[in-house]
Amino acid sequence: MKNAVSFSPIRLKCMRPTSIFLLLAGSCFCCFGQLPANLDLPSETLNSGNVVYQASNSITNSGSNFVVQDPASVTLTAGSSITLAPGFDAVATTGTATFQAVINPDVVNWQPIPVPSPPTACTNCGEDFALAASSGISPQATFAPSSSNTLYAYCLDENADVVPCDLSLSIASYLKTNGHFHDSPLPPTSSISPSSGYTGDYPDWNMPVTLTTTQIGQFETVSVTPTDCDNGEEGETCIETNYDYAVGYSSLVYIANSNIFYQTGGNTTDHGDNTFNHWMTVNAATGLQQATTAYLNQYNPGQKVCINDIALPIGGKFDICWSSAFNCKDKNGNPVVNPWGSPHASHDQGTAVDVAATTNQCNQSNTVNIPNFRQACSFAGASKTFAEGSHAHCQWPN
Amino acid sequence: MSPILMSGLIAFALFFEPLSQISAQAANVQQSVSDNQPPIPIWSGQGSVPAGSGDRKVFLSPDQHNVIILWPNPDGTESKKWFDLHNTIYPNLRVHMESSSGIFRYLYDLGNGEQSKDSLRDFSVVIYPDQHVQLASAEWTVGAIFSNIPHERVGIPRSPSGVLAVWTCKLEDNRFLQPGARTNFTITTEARPGFTSAATEHFPHLDLTDEWPDEILDQLEPVLDLKWIQYHFITLGPRYGPDDPDAGIAADYIVGIEELVRTHRLAQDSLFVKEAIADLDAIASGSSAHFTITQKPASELEAEILSALELSLHLAYRAPK
C-alpha cells in the first residue's frame, strides 16, 4: 500500500495515525473535555486560527460543507476513522497551497490481519481430548450420533477359536465424558438389538447386532456376557468382555484463543471450561476464520471477536438447558428444562458458532455488529446466519 | 477535490501513481447472469399451496421478490406471512482497466438503477489469488479478500475458481448505495484481465433470528444462497497470473466470448467478435505473431473486451488504412 502520494495542487503526506492535520499555515491546538464518540463536522468555512476536532470513534462531514481556507489550520483526531466526504475542501487564497495529511506511524505500519491457514484435519483430536479428561476408557470405534451400526458378537475358547455360545449384551454410558459434567438425570444410552442370542445360529458363529446410537456424544461400552459357555462341560468359565466406543464425530478441531478469537461461554452450563465448547469441523472453522478476519479488517481492526459455544469435543447434543438454573426459554418465551436434548441443536455437529454482540461475556471492543458479521459469514460460505439473542449465529454446511 | 476516506486505519489506497500506458473504459453487460431457475416452488399465496408441496412451508412469490411462509401458530394452525427479499435491484457496472510496469488496476463503477427499490450494500469480484493485491473504495470499507475459500465464477463455464474480493458498507452508517447512486471500487494487482464474475446485493435479505422455526430456516437456505439471491455480472477482472501462457489465456477468452454470444450478450454476426475469435484461435494454437484487430468495437461490451485483450495479450486495435 502506498503511503505517500502527490497530486496538484494539494499535497498529501502520510505520517501519523487517525489524525489529519490540515495545514495551510502554522498550527496549534485547543482543548476538549469529554470526547464525542462520533463527530459530524459543521457546515462552515474556517479562514483563520487553528482548530482541533476530536472524537473517540469517528469524524466525518456527511452532508456539510466544511472548508478550510488559509491561513487557518485544522486538526482532526479520531479513534477509528476520519471520513472527508464531498463538501469538504481546502482552499488557498495566496501563495502555494499545501494540504498536508499526517498519519501516525503506527497506523502507516498497520497491515490487515492475514487470514489464518485453514486448520489441518485431525482425526480423533477431540476424542483424545475428551478421553484425557476421563480414565479407563479404551474406545475401539466411533459411531455418529443417531446412527445405526452393525456389529458382530462371538465367543472365543481358551485357544482363541470361535465357538458357538449363548450370550447377552447390555450397554452403559461412561458418565461425565465429552464435557457433560452433569449426570442427573442419567444420559440416555444407545440400544442394541438383539440383546441376546445363540451365536451358533449365524454364519461363522458371528451374531450380527445393530447398535443404534442416541444424539448424545459420549463414551459408552457394550458388555458381552456368555450365558452357557460350559455347554454341558465341566470346568469352563464364562468371561464377560467389554467393547468401548465413542458416540460422536471424530474429526472436529479445536478453535483456540488467537489473534482473532477470544473464547467465551465456558463454565456456564456444566459443560466444562472453554476448552470443551470450542470444537468445530474443518470446513466451518475455515469459514469462521475467513469471516472473522474479513470482519475485523473491515470494521474493527486490531480487535478480536468473542466466540461462544461451537460444539463439544466429539460433538453430539449440547444440552445447555438441562437445568432450570440456566433460565432457558423456548421460542414462545416459555421456560425450558431439557436435559440431554435441544435447544442448541445446531451446535451438535461442530458446524455452527455463536459470536458475541453484547458485553454479557465479551469486552465492548470485541463485540460484533450482528448484520455485518452475518454478512461476512455469508461470504465465507455459511449456509445459515441469524441473530440469536445477543449473538450472531453462523452455520456452515455439514 | 476528491473525497478522502480513512477507514479502519488504512488510508490513501484511493490514490495511485499515474498508470497511463494503456487505458480503456466501457460499460459492462447489464444483465444478471443469475437468472436461473427459482430454487424453491413458486406460489401466488392465493388458494391452496401447489400440489406435491408436502411439508413445505416456504414459497417464492411469482415475481421472486418475496417469500411466502406458512408460519406455525401456537395452536397448531398456520398463518401466511409475506417477507420482502429486498432483491428488487437493477444495478449496472462499468470497469476501467489500465496497467503500468506489470501492475494492473481495475476501477469498477457500480450504479444502482433508478428503477431499483432496494439499496446495494455489498459488492464482490472473483479474482486471481494474488498475495499482493490491494483493494480500495471511495465510500465503503477498504475491502477484504476471502482467500481460503475457492469461489466459482458464476455464468462463465469451465472457468477455474478464484478468490473473492468483497467490499461492504458499514450497515449502521447508512452508506448504502441508494437507487440512482453510484460508487466505485479499485483493485490493484499483478493479475491480467479476463472474464470473471462480480456480484452485488442488498443485505440482509431477511432479519432472521433464532425465533424463526428451524424447518423454515432450513427451507430458506436455497433462497439465500448467494449464487441465487445476489445479482451477478459477467465482467472483466483479475483472472490470469503473470506467468500464465498466452495460448491458454486466448483459449479461455474464446470460451468466454462464445458464452456471451450463446447468451446473446454479444452479437453473433459482429465483425469485431469474428476477428477477435480468429486472432485468439491463432494465439491459442501457439502462434507468436503480433495480431491486431481492425474492426472497431460496436458496443460497450466489445470495447471492454478489446481493452482487456490489449492488456492481457497485446491484441491491439489498429484502424485499417
Fewest-first sequence of A:D128, A:D354, A:D270 by Cβ atoms within 10 Å of each Cβ: A:D128, A:D270, A:D354
20 Å Cα-Cα reach of B:K321 towards lysines, excluding residues that sit fewer than 8 places from it in its own chain: B:K274, B:K296
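Can you work out the FRET efficiency for the pair A:D244 and B:K321, with r the C-beta to C-beta distance and R0 = 56 Å, to the nearest 0.05? Write down the numbers at each step before the final one.
Details: r = 87 Å, r/R0 = 1.55.
E between A:D244 and B:K321, to the nearest 0.05, is 0.05.
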Largest-first ellipsoid semi-axes for the range A:212-364, taking √(5λ) over the Cα gyration tensor eigenvalues, angstrom: 42, 20, 12
Label point distance in nm, B:D225-A:S258, each placed 7 Å from Cα along Cα→Cβ: 2.8 nm
Distance from the range A:231-298 to the range B:220-245 (C-alpha centre basis), Å: 35 Å
Cut-off under 5 Å, modelled amide H: who pairs with A:S168 long-range: A:T225, A:T227
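Averaged over B:200-206, how many beta carbons belonging to a partner chain fall within 10 Å of each residue's beta carbon? The partial results should precede the final answer.
Working: counts 0, 2, 0, 6, 9, 1, 1.
For peptide B:200-206, the averaged partner shielding equals 3.
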Amide H contacts under 5 Å for A:V305, placed H, 5+ residues apart: A:F261, A:Y262
C-alpha long axis of helix B:214-224 to longest principal axis of chain B, angle in °: 30 degrees
Residue exposure sequence - A:C165, A:C377 - by fewest surrounding Cβ within 10 Å: A:C165, A:C377
Relative frequency of Cα-Cα separations exceeding 14 Å in the range B:62-136, percent: 75 percent
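Mind ranking A:255-268, B:141-154, B:198-211 by how tightly packed they are, going by the mean number of other C-beta atoms within 10 angstrom, highest first?
On the way: A:255-268: 17.4, B:141-154: 21.9, B:198-211: 20.4.
Result, highest mean Cβ count within 10 Å first: B:141-154, B:198-211, A:255-268.
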Alpha-carbon spread of the range A:139-221, three principal axes, descending order, Å: 42, 25, 20
Calculated FRET efficiency for the pair B:D243/A:N327, C-beta based, R₀ 60 Å, to 0.05: 0.50
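Could you pull out the pairs from A:K304/A:K329; A:K329/B:K80; B:K117/B:K227; A:K176/A:K317; B:K81/B:K170; A:K331/B:K81 whose alpha carbons sit more than 23 Å apart here? Write down the numbers at each step before the final one.
Values: A:K304/A:K329 29 Å; A:K329/B:K80 25 Å; B:K117/B:K227 21 Å; A:K176/A:K317 14 Å; B:K81/B:K170 29 Å; A:K331/B:K81 18 Å.
The pairs that break the limit, which is 23 Å between Cα atoms, are A:K304/A:K329; A:K329/B:K80; B:K81/B:K170.
Read-outs throughout are calculated quantities, based only on the coordinates presented, and are distinct from any laboratory measurement. Only a predicted model underlies this, so the values are computations on that prediction, with no experimental measurement involved. Counting neighbours? That spans all protein chains shown, and the Cβs are built from the backbone with ideal geometry, glycine included.
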